[in-house]
Amino acid sequence: MPREFPRTRRVGEQIQREVAGILQEEFQDPRLGMISVSGVEVSRDLAHARVYISVLGGDEDVNETIRVLNKAAGFIRHQLGQRMRLRSVPQLRFLYDGSLAEGARMDALIAAALAGRRPPENED
């Protein structure tokens with residue numbers, strides 16, 4: 001895992017906040033459902049940024065959302081450039097973050113395992 005530098009981390013956090021605001025306030029597309037920006041990884045040279053998106057919906061919704069966002073990356077990057085004071089705004093690439101769905105699946109498995117197990121009986 002590459003070493004993370006404070007500047008890249010700070011820029012990534014700022015990009016995350018700004019992209020979330022742009023998607024909420026200025027980017028109106030009926031093909032997008034409920035989305036949230038779950039994280040941003042910025043390259044060391046600040047030229048590229050991976051924006052991780054969580055999507056509420058099925059696999060078709062996820063694929064369509066990622067496709068729409070990657071197609072609109074230029075517009076979002078332009079808006080980001082107007083909001084942030086950077087010499088050059090990173091190229092944006094949107095990726096699906098499946099950690100929330102995986103966490104929900106694991107919770108369901110744990111709940112099912114606990115429901116199937118009997119509590120120990122007292123032997124008094």
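Taking the Cα centre of the chain as the origin, how large is its charge dipole in debye, to the nearest 20, when only Lys and Arg (+1) and Asp and Glu (-1) carry charge on their Cβ atoms? Don't skip to the end; give the middle numbers.
On the way: 18 positive and 18 negative charges, 209 e Å.
In total the dipole reaches around 1000 debye.
Per-residue HN-Hα couplings for region 52-59, Karplus 6.51 cos²θ - 1.76 cosθ + 1.60 at θ = phi - 60°, whole Hz, x for Gly and Pro?
8, 10, 9, 10, 8, x, x, 5
Taking the chain as the reference, fit the longest principal axis to its C-alpha atoms, fit the long axis of helix 99-116 to the helix C-alpha atoms, and give the angle between the two in degrees, 0 to 90, nearest 10.
0 degrees
So what is the relative contact order of the chain, in percent, for Cα pairs below 8 Å that sit 6 or more residues apart? Mind showing how you got there, number by number?
Details: 138 pairs, mean separation 29.6, N = 124.
It comes to 24 percent, rounded to a whole number.
Around VAL68, what is the net charge, scoring Lys/Arg as +1 and Asp/Glu as -1 over all other residues with Cβ under 13 Å from its Cβ? Walk me through the intermediate numbers first.
Values: positive: ARG31, ARG67, LYS71; negative: ASP29, GLU60, ASP61, GLU64.
Once positives and negatives cancel, what remains is -1.
A short reminder: the numbers here are calculations on the coordinates, not readings from a lab. Quick caveat: nothing in here was measured; it's all calculated off a predicted structure. When we count neighbours, we look across all protein chains shown, and the Cβ atoms used for this are built from the backbone with ideal geometry, even at glycine.
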